[in-house]
Amino acid sequence: MENTQTRRDPTWFGLRPEVVDDVLAISIFLAGLFLLLSLATHSAGSNLMGALGENVYELLTFVFGKYVAYVPVLLTLLWGISFWRGRRWRHEPVRVAGGFLAIVFVCAILAIPYANVDFTREEGFRAGGALGNFLVHHQCLDLRNLLGVGGCYLFFITLLTVSLLIAGNIS
C-alpha cells in the first residue's frame, strides 16, 4: 500500500521558517510602534501618524480610556520583541481572558470617581473608557451606587488581583 500523503514543504512562499518568524516579529513590533505613536503624538486633531493614527487614538481611548489605552499597545510591543528573541507566548484562552479582564477591571477602577458625572464631560468618560463606564456609571450597570464607593473599589481590586493571577499563571 502506497503512502498517498504528500510531504509538506517547510517553507512559506519559499522562505525558511526562521525568515517567516523574523518577518512576523518585525510586523508585530511595527504595528505596536504605530499604535504607540498614534497615542503619544495626538494633539488637538493632529497626529504624527496621520488620519489613521487619529482614528486609532480615538478608538483606543474611547474603549480603554486615555490611561489604560497604552497597556494593549505596550503588550503588542513586548510581544514583537519576545517573538524576535525566539520566545513564543502560549496563547491559552484562559490566560488571554485573564489579561483582558485585568484591563477591564483597571478601566472600571479609573471610572469610579466619574460614575455620577454627565457623559458629555469628556474628562470623566475618557478616564475609564467605554469599558469602565459601562460597569460603574449611573446610566449603565451602576455598580458604584449598588456597592458603594468603598465596596466598588474592593470588588474591582479583588477581581483585578484574581485576573492577574490567572493571566500570569506560568505552568
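Read-outs: derived from the displayed coordinates by stated rules, not from any lab. Just so we're clear, the structure is a prediction, and the values are computed from it rather than from any experiment. Because the Cβ atoms are built from the backbone with ideal geometry, glycine has one as well, and the counts that use them run over all protein chains shown.
Exposed loop sites here mean chymotrypsin sites (Phe, Trp or Tyr not before Pro) with a DSSP loop assignment and at most 13 other beta-carbon atoms within 10 Å; the chain contains its longest site-free run at 14-88.
In the elastic network of the chain, a GNM with C-alpha springs shorter than 10 Å, the most mobile of Gly151, Gly14, Gly53 is Gly14. Comparing Ala25, Ala40, Ala111 in a Gaussian network model of the chain, where Cα atoms under 10 Å apart are tied by springs, the biggest mean-square fluctuation is seen for Ala40. Here the contact order of the chain, divided by its residue count and restricted to Cα pairs under 8 Å and six or more residues apart, works out to 21 percent.
What is the percent of Cα-Cα separations in the stretch 25-92 that go past 17 Å? Before the final figure, lay out the partial values.
Numbers: 987 of 2278 pairs.
For the stretch 25-92, the fraction of Cα-Cα distances above 17 Å is 43 percent.
So if I average 1/r over every pair of distinct C-alpha atoms in the chain and take the inverse, what Kirkwood radius in Å does that give? Roughly 18.5 Å, rounded to one decimal.
Counting helices only, and only those DSSP H runs with n ≥ 4, report the 222 nm mean residue ellipticity of the chain as the sum of -39,500 (n - 2.57) divided by its residues, in deg cm²/dmol to the nearest 500. Mind showing how you got there, number by number?
Details: 6 runs with 117 residues, N = 171.
Mean residue ellipticity, 222 nm, calculated: -23500 deg cm²/dmol.
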